[in-house]
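Data block below; observations after.
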Amino acid sequence: MDAANLAMKSSSSSFFSKTPCLFSSPKPISRAPSSVYTVPSTFRPLVKCIQAPFLPSPLNPDSKKPLNSPFTCSAVTSFPSQSHPNAHSDASSSSSAKLKLLISEFQSLVEPIDRVKRLMHYASLLPSMDGSVKTTENRVPGCTAQVWLHVSLDEEGKMRFLVDSDSELTKGFCACLVWLLDGAVPDEVLALKTEDLNALNAVGLNRKGSASRVNTWHNVLVSMQKRTRALVAERDGKPRSELFPSLVVTADGIQPKGSYAEAQARFLFPDESRVQELVNALKEKKIGVVAHFYMDPEVQGVLTAAQKFWPHIHISDSLVMADSAVSMAKSGCQFITVLGVDFMSENVRAILDQAGFPEVGVYRMSDEHIGCSLAEAASSPSYMHYLTTASVSSPSLHVVYINTSLETKAYSHELVPTITCTSSNVVQTILQAFAEVPDLKVWYGPDTYMGSNIMELFSQMSVMTDEEISEIHPLHNRMSIKSLLPRLHYFQDGTCIVHHLFGHEVVGKINEMYSDAFLTAHFEVPGEMFSLAMEAKKRGMGVVGSTQNILDFIKQRVQEALDRNVDDHLQFVLGTESGMITSIVATVRKLLCSADPSSGGAKVSVEIVFPVSSESVTRTSTSSSLDQTFGEMRDSLKVNVIPGVASGEGCSLHGGCASCPYMKASVKHKQTVKGGIFSVTQMNSLSSLLRVCHSLPHNKAELSAYEAGRFSLLTPKGKQIADIGCEPILHMRHFQATKRLPEQLINQILQPCDNGQSSSHNYKKSWTNSGI
């Protein structure tokens, strides 16, 4: 028997098999109403403690140990259900009954200091864990203090838990959980839900920055359950599921796990000659580069390396791309190259014009259309019908996702007053609008998943306390949230093909194998993934939002681990497009490499998990015509897989590779009767970027199809599309700066016939005054 199991057996026999000590008093005791309870018959003690001034401590089995409280216990009690050898039939109800008893005890302690003292006492009763078991592998993720957990399955098929912490208060929390679940059958352990522990937040520590301590209840439970599932599967002889591919990042380097991760990692350390070639062209021609986070890893690898030598390269989400382009123009860049889909280059072109830089050229990376499934959904007849319905229901506000075309924004704004939003500000935008305009109806679009997730979030808020709601938005309470739900609408037929893939198969595997990892999810993911990420977010283990929110969350958690200065391994599930990995790795490595070597030499590793299926990579074959076409490229890379499925759609419907085909270099093929003829269309590739750079400025004619054109068309009301399409963006800018809707937009909502009446001069003035 190893040291851990020996310690486990010892602790179980000496402490965890003992049971609550129930006190009786010869005189009536004044208690809060919430502390009145009836002890279940199966938990009535054989021996009672006497002369206790208030409610007993369930975890006080040892009368000889001094307590930090004004009572003493004269005897140790045991439950009949636990002392009787044939008491297994009652096991299914024991943990829930224990939980009720524990909740009653904490609720009876009115003063927070008394609850803290009780937890500290429980910490003193928890057996110490042998140092050999306090390993990084046994650490519980997500706890501010260090928590170690060892789990085993005994000969009777019951779970045994050994927990320790370097924080006495955290140790007290853990003691309560161990008392609840040690000796329970696996089904009982797995049946307990994190929300079942919410009532224990009455401990009174969940205030003003102390939420991380209460999260211990949840994170330790999640780890207990994950390890319980693994042990049961091993006992039953079930094969272990294949792990998702991942990249492990340390200060010393990067270790890919799985072929998909190998394909992603191949470009993280680009060829220096390619980097220098790009830098020379950008400097010579005064070219700025704005690229989306979802770019091909080869492109991002080169761009990230080139940033050290040329400052006018920016990789971000779609919102910041146009802002960066304006800054580059102010710094003297004569051309802006855009690596993204067409609506991004359209926005860059229009915003540069409005900011007073019409002479700066804007170039896409293909002579063909670079589309987006979400943007195309917003230009469909069904979306126009959706907005027509909104236009006859006053007062109405259309909240449109930034990832749509300028045409969509312009046409929408003339039908219904419109403000753009991002995945990071959509919730605040909608809540602020409801707070400022009485009886308002909000029409969100076009992303169906995001709309559904917003509705689910508000439904969850409707059962929160007013205090909890005010932390999300200070102008709302439970009544106002309930009242707005019937007035919130979202489009039912628009999805991003990347985030559509985070469905039930991926969620099931995350639940099984990564439940204790940090979980990141874009706001556009399906409801199952959203709910999973929201649950993780509640216990400090997740984030739901934009690509920038995801990057910031990872950065914050890594920095916290470095500040703790202890060996640690952080695991993040990447619930968005895999192109994010380049920026994540660059950010994480910068943090890890900048850590002070004199701080003690703690080793922190960060693992980025790609939640993909086995269908998410295409294996090349030496006999295929396509492989012959790309033979030279494959040989130089020495890889036999490429991200994306063989059909060319970029992702697998069986679980998704989270790779956007519109953002990547696309391979199109057409087979004739005589054999295979393949044509290669470069979209957002390094080759396309270099070609554009080398052709400027003297060979502009060759790039005419690459140039992002200006909109010469007019809206139905005779206004310029570029002018009207920019107004919803300006409304959002105003909201971001002031946290209030602009007065102009409120007037448009109340008097919708005035939509789209601002002049180009006002736009230019607004952009100049905004400091962009």
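The values are calculated or read from the model by the stated rules, or taken from the named source; none is laboratory data. From a predicted model like this one, the values you see are computed outputs, not experimental measurements. Ideal geometry is used to build each Cβ from the backbone, glycine not excepted, and the neighbour counts take in all protein chains shown. Ligands, DNA and RNA are stripped out before the accessible areas are found, and what is left, the full protein with its side chains, is counted by its heavy atoms. Shrake-Rupley method; radii C 1.70, N 1.55, O 1.52, S 1.80 Å.
Order the following by accessible area, largest value first: LYS238, LYS257, LYS98. Probe radius 1.4 Å; ligands, DNA and RNA are ignored.
LYS238, LYS257, LYS98
Two decimals is fine: what is log10 I(q)/I(0) at q = 0.14, 0.20, 0.21 Å⁻¹ for region 274-365, from a Debye sum with one equal scatterer on every Cα and no solvent?
So the normalised log intensities are -0.42, -0.88, -0.97.
Keeping every protein chain present and rolling a 1.4 Å probe, give me the accessible area per residue for region 392-517 in Å².
34
Find out how many positive minus negative residues lie around ILE729, taking Lys and Arg as positive, Asp and Glu as negative, among other residues whose Cβ is under 12 Å from that of ILE729.
Value of the local net charge: -2.
Measuring from label point to label point, each 7 Å out along Cα→Cβ, what is the LYS555 to MET479 span in nm?
So the two model labels end up 4.2 nm from each other.
Pairs LYS238/LYS509; LYS158/LYS226; LYS98/LYS158; LYS537/LYS739: which are spaced more than 21 Å apart, C-alpha to C-alpha?
Distance filter (> 21 Å) returns LYS537/LYS739.
What is the sum of charges around ARG364, taking Lys and Arg as +1, Asp and Glu as -1, for the other residues whose C-beta is under 9 Å from the C-beta of ARG364?
Here the charged neighbours net out to -3.
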